[in-house]
1. Ranked by Cβ crowding within 10 angstrom, fewest neighbours first, how are THR105, THR278 ordered?
2. Would you please put 38-49, 325-336 in order of how densely packed they are, using the mean number of other Cβ atoms within 10 angstrom per residue and starting with the highest?
3. So how strong a dipole does segment 281-383 carry about its Cα centre when Lys and Arg Cβ are +1 and Asp and Glu Cβ are -1, to the nearest 20 debye?
4. Per residue of segment 256-262, what does 6.51 cos²θ - 1.76 cosθ + 1.60 with θ = phi - 60° give for ³J(HN,Hα)? Whole Hz please, x for Gly and Pro, Karplus curve as stated.
5. Each residue of segment 424-439 in order: what ³J(HN,Hα) in whole Hz does its phi give by Karplus 6.51 cos²θ - 1.76 cosθ + 1.60, θ = phi - 60°, with x for Gly and Pro?
6. Could you tell me the distance between the Cα centroids of segment 381-410 and segment 100-120, to the nearest Å?
7. Skipping prolines and chain starts, which residues have an amide H placed within reach, meaning under 5 Å, of the one on SER339, given they are 5 or more residues away or on another chain?
8. Counting only other residues whose beta carbon sits under 14 Å from that of GLY90, what net charge do I get with K and R as +1, D and E as -1?
Amino acid sequence: MADRICFELNDQPVELSDVSPMVTLLDWLRETRGLRGTKEGCAEGDCGACTVVVERADGRHEAMNACIALLGQIDGQSLRTVEGLHGQDGGLHPVQRAMAESDATQCGFCTPGFVMTAYAFASGGEAADLEVIHDALAGNLCRCTGYRPIVAAMQRVAGLGAEPAVALPQRDRSAVYDDRFFAPRTLDDLLKLRLDHPDALLLAGGTDLGLLASRARKPPRSVIHVAHVPELSAIVEGKDEITIGAAVSYAHAMPVLIAAFPALRSYLARLGSRQIRTMGTIGGNLGTASPIGDMPPVLLALETRLKLASRRGTRELPLDDFFLDYRKTALAPDEVIQSLTMPRLWPGEHFFCDKVSKRRDQDISTVAGAYRVRIRNDRIENARLAFGGMAATPKRASRAEATLLKDGFAAAIAALPRDFQPIDDWRGTSAYRLQVAMNLLRRLEVRLADPQRPVEVEAL
Ligand SMILES: Cc1cc2nc3c(=O)[nH]c(=O)nc-3n(C[C@H](O)[C@H](O)[C@H](O)COP(=O)(O)OP(=O)(O)OC[C@H]3O[C@@H](n4cnc5c(N)ncnc54)[C@H](O)[C@@H]3O)c2cc1C
Ligand code: FES
Ligand code: FES
């Protein structure tokens with residue numbers, strides 16, 4: 001018997017057997033369920049009009065974009081849409097009241113998305129801090145109200161808190177929906193599926209793949225959803241190393257990564273939006289292998305090793321050897337990325353990173369740089385300098401690294417053009433990219449002169 005997609009929607013159980021798992025959650029909500037409060041603006045994860053909230057049993061309430069989520073991904077989740085929001089007396093929820101009383105809406109098209117974002121923010125109990133509010137709002141666009149009253153509404157509901165969701169029973173065996181959406185529950189099942197279905201795409205958070213169903217309207221023929229496999233969903237915090245499962249979401253990984261590498265705080269806050277970070281994973285960022293993905297330079301600089309798994313066994317591969325050419329990686333057709341491991345910083349080691357993009361929020365990098373530098377007795381002993389947006393793959397600046405150890409920063413900066421000949425495109429010319437990378441190395445020199453200086457305020 002075919003498996004049903006089971007989840008909870010606005011406190012009611014839902015079981016689906018007669019619907020394609022490749023339909024987007026947004027289309028299903030609007031067209032099948034008739035819940036039209038959730039809007040379609042951009043259909044590509046950018047505008048937040050389709051924001052719904054996943055409520056977790058551990059108390060986390062996370063905003064996500066319904067437009068790029070496939071229905072099969074929703075199995076086992078508790079979801080809330082704007083129709084399911086209400087106050088304790090059955091009337092308006094406090095966030096709806098705050099939006100109305102702050103005059104935070106005009107045409108109203110974006111408003112349900114803002115309300116759901118505000119609901120996730122308020123439920124998390126975060127402070128009414130402006131920086132936090134701007135971070136929470138970065139995934140929602142309003143073209144007519146202006147953000148000041150929306151921010152005021154957010155300030156009013158900050159710290160509200162919420163009850164954790166009731167834990168839903170989770171499947172104890174792998175599932176398959178409609179013979180094309182495979183949802184393994186064990187690593188063994190995942191690897192067997194990978195071998196038996198070489199044409200099925202691996203799906204983690206879907207923030208890249210989901211665009212096939214939403215923007216392109218050509219959903220993949222079949223997918224293997226890796227999110228429920230325990231080995232890919234775990235975080236292990238060792239004394240010397242941190243291991244992150246490839247299917248761990250950014251939202252889940254961020255506290256651990258930021259505690260170990262504080263410079264990542266402002267960097268990760270600019271990776272997509274909260275909605276994107278609820279769904280997106282680091283494994284997916286590596287799998288996409290974009291030359292302008294944000295995590296590859298960071299992970300290259302941090303000396304990350306990948307664990308790649310297949311039915312043949314597992315192997316460890318330094319990330320240095322993973323990216324072969326434009327969007328081409330060393331992953332064999334029967335392999336998956338299981339996890340990534342990075343050493344913690346030793347005394348005397350420093351880590352910094354920069355993202356330069358046309359827009360501050362919700363934009364892909366023009367150039368990204370990340371640097372791990374070890375200094376002993378006022379001498380640079382080791383340096384790993386990695387960049388995105390400078391070549392067909394994310395790449396270390398090996399000539400600049402060697403020159404830095406020998407001859408210092410000025411010589412290393414002058415050596416950069418021997419490492420990179422970036423392309424011209426609409427994000428930036430080759431000369432611009434090179435100049436930016438050189439400036440970032442100059443900035444690294446300034447930072448290393450006073451590594452304790454806070455890096456949080458730096459916005460490019
Ligand atoms: C609005 C928006 C904003 C974005 N902003 C940014 C940004 O600022 N910076 C940035 O870097 N990216 C950004 N992205 C891109 C995307 O969010 C990231 O690349 C994300 O990390 C992808 O992860 P995912 O889990 O969603 O991947 P998916 O879409 O599920 O998969 C992506 C690719 O990885 C492969 N894959 C997934 N898991 C594995 C695995 N375990 N082993 C091997 N291959 C695997 C898939 O087959 C697919 O080819 C943005 C996307 C959107 C829609
Ligand atoms: S419709 Fe714009 S983010 Fe989903
Ligand atoms: S109120 Fe019109 S788009 Fe926001």
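1. Values: THR105 20, THR278 26.
Taking fewest neighbouring Cβ atoms as first place, the list is THR105, THR278.
2. On the way: 38-49: 21.3, 325-336: 15.1.
Result, highest mean first: 38-49, 325-336.
3. Working: 16 positive and 14 negative charges, 23 e Å.
Roughly 100 debye, rounded to the nearest 20.
4. So the Karplus estimates, Gly and Pro as x, are 5, 5, 5, 4, 7, 9, x Hz.
5. For segment 424-439, the Karplus-derived couplings read 8, 8, 5, 7, x, 7, 4, 5, 4, 4, 5, 5, 4, 4, 5, 5 Hz, x marking Gly and Pro.
6. Centre-to-centre (Cα) distance: 46 Å.
7. Sorted by chain and number, the residues that satisfy this are ALA246, LYS307.
8. Values: positive: ARG97; negative: ASP11, GLU83, ASP89.
Net charge in that neighbourhood comes out at -2.
Here, each number is a calculation from the coordinates, and none is a lab measurement. These numbers come from a predicted model, not from an experiment. Because the Cβ atoms are built from the backbone with ideal geometry, glycine has one as well, and the counts that use them run over all protein chains shown.
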